[in-house]
Amino acid sequence: MRETRNGSYGAKLFFLAQDMLFYVALSQDDRWWSVVKTQDPGRAESIYAQFARKSFDLADGEIRRMQLAAQKALLERVIEKSAERANRLSTNLAFAQQQDSQVSQRQQQLQVDQLQRQTEAGLAPVNVMPSR
């Protein structure tokens, strides 16, 4: 007749018409915890309402754990992506520093070569001094 599901918990109200009996059950993962049999429809509805509230209360912690687990998994993925990005940036920075170093070395070598050629040609190096 009625069924309430909250996470892995549930409450059910069954009616066996040929015997005019109501069965009210509280379960977890389709395993019955508690079953009440009655012929009183009002009592059956009242017990069903209690079991439905109980299933809600019991599932609250379970649902919260599921939400926290999902949030944790999301944060772990965000951290992993951030770490990957940091590694890429670090690699790019190291590469850029290496290139800067190579450019500086080439410039210094070019200056040395130019001075050497000037010296070999008998030209005195020209020092540019700022005027005072």
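So which aspartates and glutamates can residue 37 reach, going by Cα to Cα under 20 Å and dropping same-chain residues fewer than 8 places off?
3, 19, 45
Using a basic spin-label model with each label point 7 Å from the Cα along Cα→Cβ, how many nm lie between residue 3 and residue 68?
Each label point is offset 7 Å from its Cα along the Cβ direction, giving 3.0 nm.
For the range 2-60, I need the span (max minus min coordinate) of the C-alpha atoms along each principal axis, in Å, sorted largest to smallest.
Principal extents (largest minus smallest coordinate, Cα): 35, 19, 15 Å.
When Rg and Dmax of the Cα atoms in Å is calculated directly from the model, which label among [x] 17.9, 55; [y] 40.2, 124; [z] 18.8, 63 fits?
Matching the structure shown: [y].
Under a cut-off of 17 Å between alpha-carbon atoms, report the lysines in cross-link reach of residue 54, not counting same-chain residues fewer than 8 places apart.
Counting by Cα, and skipping residues close in sequence, residue 54 has these lysines nearby: 12.
How about residue 81: which lysines have a C-alpha closer than 30 Å to its C-alpha, ignoring those fewer than 8 places off in the same chain?
Candidates past the 8-residue exclusion: 72.
Using 7 Å Cα-to-Cβ label points, what is the residue 79/residue 49 separation (nm, one decimal)?
Result for the modelled spin labels: 4.7 nm.
Just so you know, all these numbers are worked out from the coordinates, no wet-lab data involved. Worth saying up front: this structure is predicted, and the values here are computed from it rather than measured. Using ideal geometry, Cβ is built from the backbone for each residue, glycine included, and neighbour counts are taken over all protein chains shown.
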